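Colleague: Take this structure first; my questions come after.
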Amino acid sequence: MSDFNHPHEDFTSLRQQANERIKNGTAQFSDAVAASAEALSVLYQLSNSPDTAVDSLKLLHELQTYQVELDMQLEQLQANELESGHELSCYRMFFEMAPVGCMLLRTDGVIMDCNLAAARLFGTVTEQLLGQPVDSLLNAESKAQLRAALARLKSGDTSLNKILTTSPAQQGPQSLELNISLSPDRRAIMMMVCDDEPKLPS
């Protein structure tokens, strides 16, 4: 996607590309041009007068350049939107297919999203977890650990926090390991859930 860290450079490059399209006759004007046809007609009339011809032609060229720039920006935004949508779909698929439980929580611990693996570890289905406080799934000791971990995260400690708990899954109580971390924008909590039972060699 486009990098907007250098706006002055982007503007200069955009202006050069717009002028090049106009010069080569490759500029594709959007429907917005038709809406300003009356204004353009006035400019064309002014360009026929010796007293106003130079200034009106300069203004006409500037307006056309702006239009091409806007059309080019619209093209880029549409391309970025398609790319973002594709990336989001891929990450969503990875989220759903992950072999470990993945949960997205609000900063107050309410579950906003989770994958099938997480629901299975807690012995339920995804729909029943959404909107529920995550500590409702934990035993008393683990609830205290979770609150302490959330407090550390909110205070700026972004290190990974691990909690060991038990869950009354369908096949009986099981030990779970919860790893939580704060999202980069600090607006959500990401939690990974995995079975903490030791695996016997096959």
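Colleague: For residues that are among the charged types (D, E, K, R) and open to solvent by 70 Å² or more (accessible area, probe 1.4 Å), scanning just segment 57-82, find the one that is nearest to the chain's Cα centre (by Cα).
Modeller: Out of the qualifying residues, it is Glu81.
Colleague: Here's a follow-up. From the list Leu88, Leu121, Leu77, which one is farther than 30 Å from Leu46 by Cα and in contact (Cβ under 8 Å) with a residue 24 or more places away in the chain?
Modeller: Just a single option satisfies the conditions, and that option is Leu121.
Colleague: Select from segment 104-116 the residues that are of a type in the set (A, V, I, L, M) and under 17 Å from the mean Cα position of the chain (by Cα) and write down the one among them that is most open to solvent (accessible area, probe 1.4 Å).
Modeller: Met112
Colleague: Now for a separate question. Considering only segment 14-38, state which residues are modelled with pLDDT of 65 or more and of a type in the set (A, V, I, L, M, F, W, C).
Modeller: Scanning segment 14-38 gives Leu14, Ala18, Ile22.
Colleague: Still on this model: Could you check segment 134-165 and list, in sequence order, the residues that are open to solvent by 80 Å² or more (accessible area, probe 1.4 Å), closer than 17 Å to Arg106 by Cα and of a type in the set (D, E, K, R)?
Modeller: Within segment 134-165, Arg147, Arg152, Lys154 meet the criteria.
Colleague: Also: Suppose we filter Gly131, Gly123 for residues that are open to solvent by 30 Å² or more (accessible area, probe 1.4 Å) and at positive phi; which single one remains?
Modeller: Gly131
Colleague: Something else: Could you look through segment 83-93, keep only residues that are surrounded by 11 or more Cβ atoms within 10 Å (Cβ to Cβ) and not polar (S, T, N, Q), and pick out the one that is farthest from Met190 (Cα to Cα)?
Modeller: Applying the filter and picking the extreme gives Glu83.
Colleague: I would also like to ask the following. Of the residues that sit in segment 136-156 and are out of contact with any strand residue (DSSP E or B) (no Cβ under 7 Å at 6 or more places or on another chain) and of a type in the set (S, T, N, Q), which one is nearest to Ile189 (Cα to Cα)?
Modeller: Here the answer is Ser155.
The values are calculated or read from the model by the stated rules, or taken from the named source; none is laboratory data. Predicted model, so just to flag it, every value in this text is computed and none were measured. Heads up, the Cβs are rebuilt from the backbone with ideal geometry, glycines too, and the neighbour counts pull from every protein chain shown. Ligands, DNA and RNA are excluded from the accessible area calculation, which covers all protein heavy atoms including side chains. Shrake-Rupley method; radii C 1.70, N 1.55, O 1.52, S 1.80 Å.
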